Amino acid sequence: MKNEYVIGLDYGSDSVRAVLVNSESGGEVASEVHWYKRWMEKKYCNPSINQFRQHPLDHIEGLEFTIKAVMEKSNVRPEDVKGICIDTTGSSPVPVAKDGTPLALVDGFMENPNAMMVLWKDHTAIKEAEQINELGATWGGENFTKYVGGIYSSEWFWAKIAHVVKEDEKVMNNAFTWMEHCDLMTYLLIEDKDLRTFKRSRCAAGHKAMWHESWGGLPPKEFLKKLHPYLADLRENLYEETFTSNEIAGKLSKIWADKLGLTTDTVIAVGTFDAHSGAVGAKIDEHALVRVMGTSTCDIMVAANKEIEGKTIKGICGQVDGSVIPGLIGLEAGQSAFGDLLAWFKDVLSWPIDNLVLKSDILSEQQKIDLRKEIEDNFIKELSEAAESIPLSESIPTALDWINGRRTPDADQNLKSAISSLSLGTKAPHIFKALVNAICFGSKKIADRFQEEGVQINSVIGIGGVARKSPFIMQTLANVMNMPIKVAASDQAPALGAAIYAAVASGIYSNVVEASQYMGSEFEAEYHPQHEAVSVYQQLMESYSELGGFIENSIKNK
């Protein structure tokens with residue numbers, strides 16, 4: 001087994017990373033990151049209307065660069081790489097032409113944002129999501145939102161497609177089908193290019209496209225037609241069955257084998273979402289809540305069918321059989337902004353630095369470069385240290401974490417953030433601490449909802465950059481949630497989880513649980529609640545709930 005390797009390819013919001021993993025130990029042999037060029041240039045996006053689009057070329061270029069790089073770094077023989085699995089953000093659908101080409105690569109669409117991937121954080125489809133929710137409750141048939149928490153989100157598949165085709169008739173007329181990002185990248189790699197038989201991701205379909213076994217797959221044409229006639233026609237060009245990521249989507253094509261320096265014997269596993277693979281990389285088990293903590297969060301749990309017993313968990317992002325571990329129900333929740341809330345505050349504070357200091361004629365260009373790097377390296381660190389030093393007894397503002405709407409519990413992307421109880425004594429560290437509290441209070445609301453709905457939580461695992469780099473946030477989270485929180489040691493838990501799926505699909509291991517025990521991440525830290533802080537945070541959370549209720553019920557639509 002020591003000469004068998006697998007690759008996990010993890011597409012995040014800003015970059016893609018490939019990790020070449022030893023399938024026996026889970027050890028990282030080589031890794032490489034590629035930052036999306038067009039995305040970094042802020043192309044095709046308009047934050048003022050919550051439009052966030054990405055060009056498929058960013059993803060295709062990143063795929064080739066990173067996998068070639070890990071092969072060159074490692075000197076692993078091509079024939080020893082047994083499998084690849086791709087995880088991506090989601091829901092991030094992409095329109096595709098009849099021949100399987102992403103529409104943004106077709107003449108006439110190469111600079112059209114509507115022909116590109118609609119990134120998970122794009123919220124241009126709020127009205128379409130509201131239409132889906134209203135129709136689900138009133139159309140007279142099955143409510144197809146019941147397995148996605150009872151509320152369909154503007155972040156998801158059908159709402160985004162409905163919005164794009166209403167806005168752009170040319171895209172509507174040329175988009176033969178749509179694929180989630182994880183499906184598209186998997187499809188591009190395999191030899192068999194039959195769109196009708198291609199194996200679509202179970203986690204993407206179940207959590208974002210209202211696919212469920214009980215009604216035979218996707219919602220029927222009769223329902224979709226009431227949303228938009230195009231959606232009813234589109235259903236014919238989508239799928240009936242879905243597949244879990246321990247299964248084979250196909251073999252690596254000759255074209256891509258030559259590009260990447262691999263062989264056509266390499267197995268390509270069915271695609272998945274980053275949060276789901278991250279949970280697998282962190283050795284998720286029943287009653288463990290895995291928090292994938294980055295720009296947003298995804299909160300993942302798995303439960304036995306007997307525990308769920310046909311219940312539908314209200315206000316989460318879905319419950320899907322096999323979406324995380326085959327044989328168990330995958331449960332997903334999350335926050336639309338986590339690190340993004342702190343990044344927003346950093347951008348606000350940075351305005352005078354960027355527009356006055358770094359444009360000054362007094363400084364040389366080299367001094368500006370050095371100063372920018374020094375600020376970047378120390379900005380959040382200094383704020384965190386100052387915020388952490390504020391005594392628990394000192395008054396700080398109350399903030400909401402809804403800077404990009406609310407994902408769960410009870411999705412509502414119309415909601416906005418707010419800050420209350422400001423005074424002349426409020427300084428930047430006080431506001432920063434209030435924002436950290438807010439993201440932790442939002443996390444507690446999610447955990448409370450799971451437990452209110454009968455899903456027991458015995459442990460919490462944090463993965464991602466925030467979990468590993470910010471002890472202040474993690475200690476605050478432990479105090480707010482009043483339970484210990486372990487931190488996965490791997491920098492690349494989603495890529496590692498994808499590699500675990502690849503190891504099962506390629507036959508190295510018989511199932512995901514077995515593979516994760518050998519290959520999954522160990523833990524590098526554990527945070528315990530501080531008794532004296534727990535009661536203080538309970539009081540502060542009451543203020544958070546009161547402010548949230550006021551915003552939600554009084555002024556959200558003004």
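Restricted to the range 145-232, the set of helices (runs of 4 or more DSSP H) holding at least 2 residues that are buried (at least 23 other Cβ atoms within 10 Å of the Cβ) and among the β-branched types (Val, Ile, Thr) comprises 157-167.
Among the aromatic types (Phe, Trp, Tyr) and surrounded by 18 or more Cβ atoms within 10 Å (Cβ to Cβ): does that describe residue 35? So residue 35 fails the test.
Pairing each residue of the range 140-158 that is basic (Lys, Arg) with any residue that is assigned to a loop (DSSP other than H, G, I, E, B), provided the two are 6+ apart or on different chains, yields C-beta distances under 8 Å for 146/312. From the set of residues in the range 1-20 that are over 22 Å from the mean Cα position of the chain (by Cα) and surrounded by 21 or more Cβ atoms within 10 Å (Cβ to Cβ), which is nearest to residue 495 (Cα to Cα)? So, considering only residues that are over 22 Å from the mean Cα position of the chain (by Cα) and surrounded by 21 or more Cβ atoms within 10 Å (Cβ to Cβ), the one nearest to residue 495 (Cα to Cα) is 6.
Go through the range 457-476 and count every residue that is over 15 Å from residue 275 (Cα atoms), under 20 Å from the mean Cα position of the chain (by Cα) and in contact (Cβ under 8 Å) with a residue 24 or more places away in the chain. Please lay out each step first, then the result.
Applying the first criterion (over 15 Å from residue 275 (Cα atoms)) to the range 457-476 yields 457-459, 468-476.
Applying the additional criterion that residues be under 20 Å from the mean Cα position of the chain (by Cα) yields 468-470, 473-474.
Imposing the further condition that a residue be in contact (Cβ under 8 Å) with a residue 24 or more places away in the chain reduces the set to 468, 470, 473-474.
Residues meeting the conditions: 4.
Of everything in the range 405-427 that's part of a strand (DSSP E or B) and more than 22 Å from residue 149 (Cβ to Cβ), which residue is nearest to the chain's Cα centre (by Cα)? Talk me through it step by step, then tell me what you get.
Initially, the range 405-427 is screened for residues part of a strand (DSSP E or B), giving 405-406, 412, 419-420.
Checking which are more than 22 Å from residue 149 (Cβ to Cβ) leaves us with 419-420.
Working: 419: 26, 420: 29 Å.
By that ranking, first place goes to 419.
Inside the range 55-84, residues that are in contact (Cβ under 8 Å) with a residue 60 or more places away in the chain, within 28 Å of the chain's Cα centre (by Cα) and in a helix (DSSP H, G or I) make up a count of 9.
Out of all the residues in the range 321-373, which are of a type in the set (Lys, Arg) and touching a helix residue (DSSP H, G or I) at 6+ places or on another chain (Cβ under 8 Å)? Talk me through it step by step, then tell me what you get.
Filtering the range 321-373 for residues of a type in the set (Lys, Arg) gives 346, 359, 368, 372-373.
Of everything in the range 321-373, those that are of a type in the set (Lys, Arg) and touching a helix residue (DSSP H, G or I) at 6+ places or on another chain (Cβ under 8 Å) turn out to be 346, 368, 372.
Here residue 265 fulfils each of the conditions (1) crowded, with 24+ Cβ neighbours inside 10 Å; (2) over 19 Å from the mean Cα position of the chain (by Cα); (3) acidic (Asp, Glu) apart from (1).
The set of residues in the range 352-404 that are β-branched (Val, Ile, Thr) and part of a loop (DSSP other than H, G, I, E, B) comprises 362, 390, 396. Against the definition (at pLDDT below 95 and either charged (D, E, K, R) or in the same structural domain as residue 414 (by TED's automatic domain parsing) (or both)), how does residue 192 come out, yes or no? When the stated conditions are applied, residue 192 passes them.
The values are calculated or read from the model by the stated rules, or taken from the named source; none is laboratory data. Just so it is clear, the structure is predicted and the values come from calculations on it, not from any experiment. All Cβ positions, even for glycine, are placed from backbone atoms using ideal geometry, and neighbour counts span all protein chains on display.
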